[in-house]
1. For segment 124-280, I need the span (max minus min coordinate) of the C-alpha atoms along each principal axis, in Å, sorted largest to smallest.
2. What's the whole-number percent of alpha carbon pairs in the chain lying beyond 33 angstrom?
3. Work out the FRET efficiency for ASN240 and ARG100 from their Cβ-Cβ distance, taking R0 = 51 Å, and round it to the nearest 0.05.
4. For the chain, what proportion of DSSP beta bridges, expressed in % and rounded to the nearest 5, is antiparallel?
5. Name the residues of segment 249-293 whose amide N is less than 14 Å from a point 7 angstrom out from the Cα of HIS301 along the C-beta direction?
6. Can you pull the three principal axis extents for the Cα set of segment 206-315, in Å, largest first?
7. Given the peptides 151-160, 100-109, arrange them by the average over their residues of other C-beta atoms within 10 Å, most packed first.
8. Give the residues of segment 186-213 whose amide nitrogen is closer than 18 Å to a point set 7 Å from the Cα of ARG61 in the direction of its Cβ.
Amino acid sequence: MSLILSEGTYTLSNDGIYQDVPGEIVRPPSTASVVPESPVWLITGGGRGVTADCAIELAKRTGGSFILLGRSDLVAWPAWLERETDLKALRGALAKNSGRADAPKTPVEIDRFARILLAGAEIVSTLKAIESGGAKARYVQADIGDQASLRTTLSRLINEEGPVTGLVHGAGVLSDGFAEALGLKNFEKVFSPKVTGLETILSCIKPSALRYIGLFSSASAVFGNEGQSNYAAANEWLNNVAVHLAGKIPDTQVKAFCWGPWQGGMVDESLARMFTERGIGLISKQEGARIFADQLLNSSHDQVRFVVGDEWGSA
Ligand SMILES: NC(=O)c1ccc[n+]([C@@H]2O[C@H](COP(=O)([O-])OP(=O)(O)OC[C@H]3O[C@@H](n4cnc5c(N)ncnc54)[C@H](OP(=O)(O)O)[C@@H]3O)[C@@H](O)[C@H]2O)c1
């Protein structure tokens, strides 16, 4: 597995990152980060997807309080419905119950309700996993692209939990399409959580109060990817913000993870197949979460943005 920075190539091995220098391997100085005694982590998108895996790993290592933000509602699982974890199976179970007065009827309603239930169940399972190690966890419903309501929510949360000491920004959505067909709406959709969301958070929390900032960027910002010009641009913006913040607040650990594809999250079966056919390996959830926590908590401050995963050409 390699981590590629614009300044050179770094090879990831089991015990750290090594900078590749022809004929010589130089280990960058390691900075022992001191985790605050009771860290307060604010994790956008942390209830679900790959950010949730990373939040669970962080909780095991640092304990403290975890505030997870996402748009999904925590809808209670209906007592009449069997527990399913697979979308297809759940749609089938809902269809079987569509005669009930309180059940969804049409395929569109069934699909929508199934997704809501699965999202809620995933968030509940993330909260349990974080708490199982002794950390505190709460989920707060918030659309981080909505500046006014996010400001109010953050001010309330900071009052209740104390100052945020670690920020992980994982919220993101796709709105793919060929560049000539992408309209402003497709850009706004992708920029809203990634860019507006982060800008609003940084305007509510003094960055210098943060000990850790981890931004979930994408390898597509570095290598490009067919149909993802909006997504690549939003993620490259994150990379630049990371470099800017690292220069401004050198005592804070700032990392932009330009992730290659994971086995999970927004990489569904068909995307996973597409990457595999292109010879691009998938990052397992366990390995990705481990790399995330190692890099955020224990690596040198001078490695700010890096690709995790295989290099690829633009399609
Ligand atoms: N999976 C990968 O292979 C991969 C590769 C490269 C980069 N990444 C990046 O990693 C991050 C997580 O991706 P993922 O694969 O885990 O995707 P995912 O499963 O679709 O999860 C996205 C997360 O972002 C949250 N979110 C989206 N819009 C939001 C908004 N406006 N306000 C609050 N929360 C919002 C979602 O929660 P709600 O839906 O409940 O709002 C969800 O928790 C993204 O930033 C993505 O760009 C992922």
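1. Per principal axis, max minus min of the Cα coordinates gives 46, 35, 30 Å.
2. On the way: 12898 of 49455 pairs.
For the chain, the fraction of Cα-Cα distances above 33 Å is 26 percent.
3. Details: r = 52 Å, r/R0 = 1.01.
FRET efficiency, ASN240 to ARG100: 0.50.
4. Values: 13 of 44 bridges.
Taking every DSSP beta bridge with both residues in the chain, the antiparallel ones total about 30 percent.
5. It comes to 249-255, nothing else.
6. Here the spans come out as 43, 29, 20 Å, largest first.
7. Details: 151-160: 14.6, 100-109: 11.5.
Highest to lowest by the protection proxy: 151-160, 100-109.
8. 210-213
Bear in mind that the values in this text are calculations on the coordinates, not laboratory data. What you see is a predicted model; the values in this text were computed from it and never measured. A quick note on method: Cβ atoms are made from the backbone with ideal geometry, for glycine too, and the neighbour counts reach across all protein chains shown.
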